[in-house]
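Participant: A single structure is presented below for examination.
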Amino acid sequence: MKTIRIGSGAGYSGDRIEPAVELAEKGDIRYLVFECLAERTIAIAQGAKLKDPTQGYDPLLAERMLAVLRPCHEKGIRIVTNMGAANPAAAAAKTRDIARSLGLEGLKIAAVSGDDVLETLKSGEHRIEETGEPVSAMAGKLVSANAYLGAAPIVEALKAGADIVITGRVADPALFLAPQIFEFGWSMEDWDRLGKGTLVGHLLECAGQITGGYFADPGVKDVAGLARLGFPIAEVGEDGSAVITKVAGSGGAVTAATCKEQLLYEIHDPAAYFTPDVVADFSQVRFTREGPDRVRVAGATGRPRPATLKVSVGYRDSFIGEGQISYAGPGALARGRLALEIVRERLALTGVEATELRFDLIGVDSIHGSALSTAGGQEPYEVRVRVVGRTGSLKEAQRIGNEVETLYTNGPASGGGATKSAKDVVAMLSALLPRELAKPAIEFMEA
Amino acid sequence: MKLRDIAHSRTGDKGDISNISVIAFDEADYPLIEAHVTAERVKALFHEVVHGEVVRYAIPSIGALNFVMRQALGGGVTRSLALDAHGKCLASALLDLEVPDRAV
């Protein structure tokens, strides 16, 4: 039976780069996939593209391509990535230039676009999923709307001989599913195999999170070698069977337990994982250890894909202002609490207009709230005051941090290390769009 | 004993929804976890943080439960005021839950 090895070179935009180089050089892989787009990334990249039409793609694209293009070219490894963000064509052009600068010839690069559906969404009668509000009512605040495309345009680019496929918004697992569909000639309506291939994509899309990253809990769940964590490889067969592994000698571990945690990561109903290509069913999945750092995965299936595509909608939401200051030593907790009281009173006294405020003591109750945080009962040696609020303008947001900073000379004794910030917030909502309204397009370039 | 003695866990986020897995180290402990880690207990534990419904999904093939909690991330990861906007630390709080010792 034909099998291929697919490597996962990044779990998020800022991820480590050398594990991807290690995969290219020693992983015996045929595909290297980089998943780099968080929910909000495209909305922010859209702003960069508006300022400069050659920008709007992943800020680490150049560094990643410089690191992996040569080993990938030498070993015939194809690259699939969503690092195109808001501007796949500019990302492809940049990649072409890097390939030329490295003296690599004959590389075919494909840019997949068509995920930008902002105009379509504005003109039709569509609603925001979370609020039920018509999209048109938010028109003035909208900054981006990108449909989650499926595997089809990537498969088409691979069929046309692309060595590197760069997309914008595509469902994360589709980046991994596409090479499987292309290599094995799966039908786009083979729901069982598409479900299996989607599971492989889901398991790999966060890179190190399945090889022992985000897993260690000393004394309970120990993992060796996290400073040089190896990124995962899936060995997939044309029947949809798969083994998860990693480069021999790299750090971390692939075990049934690391696979189980990643299986349920960001999953709601495990029997209905919606993607543009298939509604995958992970509810009967099993993991079996086959050897050191080798785990076989089986039992996924799928049902026909949904008629709609999920659209990620970016909009200008609000402004957030924040200030922090630390107290330490005897009485730190009481001084921290006094500081919070003072800031609370100052914000009211000076009429800072905030629609939402939070008063946290980092080290005491900032993560899980006061009810869950009192369990230990011991007073901390040091605390950090954090006051944060939502406002309607940047100027108003700045006043919050200022009221924390002035604790230096006006607040409790021995406060130190004050910091403040104010920022505008582009937030995300979602909408559903009939799938025929998103029209993927592919542009090819050669180095 | 604590849930942490027999299970491990990871939190995921999408919009204003947080999901927490609870996975038995030894699949033999799964029935105990299934019996004692209910959606109601999880909802009660996180009453300060989670303002919507909590739904539990069972995945017996891997000895795991998955809790999906709505209105759990301060209005959504991209606009939350919380220090841990993604709610990634929630899994550790859940593992502190008391469960009865195994029957001898």
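The values are calculated or read from the model by the stated rules, or taken from the named source; none is laboratory data. Please read all numbers here as calculations on a predicted model, not as lab measurements. Here the Cβ is made from the backbone with ideal geometry for all residues, glycine too, and neighbour counts use every protein chain on show. In case anyone asks, the SASA skips ligands and DNA or RNA and just uses the protein heavy atoms, side chains included. Shrake-Rupley method; radii C 1.70, N 1.55, O 1.52, S 1.80 Å.
Participant: So, in the range A:251-284, how many residues would count as being more than 24 Å from the chain's Cα centre (by Cα) and β-branched (Val, Ile, Thr)?
Facilitator: 0
Participant: Picking from B:102, B:70, which residue would you name as being more than 7 Å from chain A (Cβ to nearest Cβ) and at pLDDT below 95? Can you show your working first?
Facilitator: On the way: B:70 fails: at pLDDT below 95.
Within the list B:102, B:70, the selection yields B:102.
Participant: Related question: Of the residues A:173, A:179, only one is of a type outside the set (Asp, Glu), in a helix (DSSP H, G or I) and touching a Ser or Thr at 6+ places or on another chain (Cβ under 7 Å); which?
Facilitator: Being of a type outside the set (Asp, Glu), in a helix (DSSP H, G or I) and touching a Ser or Thr at 6+ places or on another chain (Cβ under 7 Å) holds for just one of A:173, A:179, which is A:173.
Participant: Test residue A:362 against the criterion of being facing chain B (nearest Cβ under 10 Å) and buried (at least 18 other Cβ atoms within 10 Å of the Cβ), and give yes or no.
Facilitator: It is false that residue A:362 is facing chain B (nearest Cβ under 10 Å) and buried (at least 18 other Cβ atoms within 10 Å of the Cβ).
Participant: Still on this structure, please answer the following. Is the range B:17-26 home to any residue that is within 27 Å of residue A:427 (Cα to Cα), facing chain A (nearest Cβ under 8 Å) and hydroxyl-bearing (Ser, Thr, Tyr)? I'd like the intermediate steps shown before the answer.
Facilitator: To start, the set of residues in the range B:17-26 that are within 27 Å of residue A:427 (Cα to Cα) comprises B:17-21.
From the residues that got through so far, the ones that are facing chain A (nearest Cβ under 8 Å) too are B:17, B:19, B:21.
Applying the additional criterion that residues be hydroxyl-bearing (Ser, Thr, Tyr) yields B:21.
For the range B:17-26, residues within 27 Å of residue A:427 (Cα to Cα), facing chain A (nearest Cβ under 8 Å) and hydroxyl-bearing (Ser, Thr, Tyr): present.
Participant: So for the range B:48-67 (the condition being closer than 28 Å to residue A:312 by Cβ, in contact (Cβ under 8 Å) with a residue 40 or more places away in the chain and among the charged types (D, E, K, R)), does at least one residue qualify?
Facilitator: No - not one qualifying residue is present in the range B:48-67.
Participant: Listed residues A:201, A:195; which is within 18 Å of residue A:270 (Cα to Cα), among the small types (Gly, Ala, Ser), without any contact (Cβ under 8 Å) to a residue 60 or more places away in the chain and assigned to a helix (DSSP H, G or I)?
Facilitator: Answer to the selection: A:201.
Participant: Would you check if there is a residue in the range B:51-62 being closer than 20 Å to residue A:356 by Cα, in contact with a strand residue (DSSP E or B) (Cβ under 8 Å, 6 or more places away or on another chain) and facing another protein chain (nearest Cβ under 10 Å)? Steps first, please.
Facilitator: The first filter runs over the range B:51-62 and keeps only residues closer than 20 Å to residue A:356 by Cα, leaving B:51-52.
Narrowing the set further to residues that are in contact with a strand residue (DSSP E or B) (Cβ under 8 Å, 6 or more places away or on another chain) leaves B:52.
Next cut, facing another protein chain (nearest Cβ under 10 Å) only: none.
No, every residue in the range B:51-62 fails to be closer than 20 Å to residue A:356 by Cα, in contact with a strand residue (DSSP E or B) (Cβ under 8 Å, 6 or more places away or on another chain) and facing another protein chain (nearest Cβ under 10 Å).
Participant: Considering only the range A:276-286, state which residues are away from every other protein chain (no Cβ under 13 Å) and either of a type outside the set (A, V, I, L, M, F, W, C) or outside any loop (DSSP other than H, G, I, E, B) (or both).
Facilitator: A:276, A:277, A:279, A:280
Participant: Right, something else. If you take the residues of the range B:73-86 that are of a type in the set (A, V, I, L, M) and touching a residue at least 12 places away in the same chain (Cβ under 8 Å), which of them is nearest to the other protein chains (Cβ to nearest Cβ)?
Facilitator: B:77
Participant: Let me ask something additional. Is it true that residue A:243 is in contact with a Gly (Cβ under 7 Å, 6 or more places away or on another chain), more than 14 Å from chain B (Cβ to nearest Cβ) and either open to solvent by 20 Å² or more (accessible area, probe 1.4 Å) or touching a residue at least 24 places away in the same chain (Cβ under 8 Å) (or both)?
Facilitator: The answer is no for residue A:243.
Participant: Same structure, new question: Yes or no: residue A:298 among the hydrophobic types (A, V, I, L, M, F, W, C), surrounded by fewer than 20 Cβ atoms within 10 Å (Cβ to Cβ) and under 16 Å from residue B:21 (Cα atoms)?
Facilitator: no
Participant: Every residue in the range B:87-99 that is more than 10 Å from every other protein chain (Cβ to nearest Cβ) and either open to solvent by 10 Å² or more (accessible area, probe 1.4 Å) or not hydrophobic (A, V, I, L, M, F, W, C) (or both), please.
Facilitator: Answer for the range B:87-99, where residues must be more than 10 Å from every other protein chain (Cβ to nearest Cβ) and either open to solvent by 10 Å² or more (accessible area, probe 1.4 Å) or not hydrophobic (A, V, I, L, M, F, W, C) (or both): B:97, B:98.
Participant: Let me confirm something: among A:307, A:339, which residue is closer than 25 Å to residue A:150 by Cβ and more than 14 Å from chain B (Cβ to nearest Cβ)? Let's see the steps before the verdict.
Facilitator: On the way: A:339 fails: closer than 25 Å to residue A:150 by Cβ.
Testing whether each residue is closer than 25 Å to residue A:150 by Cβ and more than 14 Å from chain B (Cβ to nearest Cβ) leaves just A:307.
Participant: Next question, about the same structure. Within the range A:111-129, does at least one residue satisfy the condition of being of a type outside the set (Ser, Thr, Tyr), over 20 Å from residue A:437 (Cα atoms) and in contact with an Asp or Glu (Cβ under 9 Å, 6 or more places away or on another chain)?
Facilitator: no
Participant: Let me ask something else about it. Going by what's in this entry, would residue B:32 be described as more than 30 Å from residue A:318 (Cβ to Cβ), touching a residue at least 24 places away in the same chain (Cβ under 8 Å), surrounded by 15 or more Cβ atoms within 10 Å (Cβ to Cβ) and touching a helix residue (DSSP H, G or I) at 6+ places or on another chain (Cβ under 8 Å)?
Facilitator: On the way: more than 30 Å from residue A:318 (Cβ to Cβ): yes; touching a residue at least 24 places away in the same chain (Cβ under 8 Å): yes; surrounded by 15 or more Cβ atoms within 10 Å (Cβ to Cβ): yes; touching a helix residue (DSSP H, G or I) at 6+ places or on another chain (Cβ under 8 Å): no.
Answer is no for this residue.
Participant: Which one of these is in contact (Cβ under 8 Å) with a residue 12 or more places away in the chain, open to solvent by 10 Å² or more (accessible area, probe 1.4 Å) and part of a loop (DSSP other than H, G, I, E, B): A:289, A:305?
Facilitator: One residue alone meets the criteria, A:305.
Participant: Separate question: Go through the range B:40-55 and report how many residues are small (Gly, Ala, Ser) and open to solvent by 20 Å² or more (accessible area, probe 1.4 Å). Walk me through it before giving the result.
Facilitator: So in the range B:40-55, the residues small (Gly, Ala, Ser) come out as B:44, B:52.
In the following step, the residues that additionally are open to solvent by 20 Å² or more (accessible area, probe 1.4 Å) were identified as B:44.
Of the residues in that region, 1 qualify.
Participant: In the set A:135, A:112, which member is touching a His at 6+ places or on another chain (Cβ under 8 Å), more than 14 Å from chain B (Cβ to nearest Cβ), buried (at least 21 other Cβ atoms within 10 Å of the Cβ) and of a type in the set (Val, Ile, Thr)?
Facilitator: On the way: A:112 fails: touching a His at 6+ places or on another chain (Cβ under 8 Å).
After ruling out the rest, the residue left standing is A:135.
Participant: Here's a follow-up. Residue B:27 versus (1) farther than 16 Å from residue A:263 by Cβ; (2) open to solvent by 40 Å² or more (accessible area, probe 1.4 Å): which is the lone unmet condition?
Facilitator: (1)
Participant: Still on this model: Examine the range B:32-43 for a residue that is farther than 20 Å from residue A:219 by Cα and at the interface with chain A (Cβ under 8 Å from one of its Cβ atoms), and state whether such a residue exists.
Facilitator: No.
Participant: Grab the helices (runs of 4 or more DSSP H) fully contained in the range A:365-430, keeping just those with 3 or more residues being surrounded by 15 or more Cβ atoms within 10 Å (Cβ to Cβ) and out of contact with any Ser or Thr (no Cβ under 8 Å at 6 or more places or on another chain).
Facilitator: The helices (runs of 4 or more DSSP H) meeting that bar are A:369-373, A:394-405.
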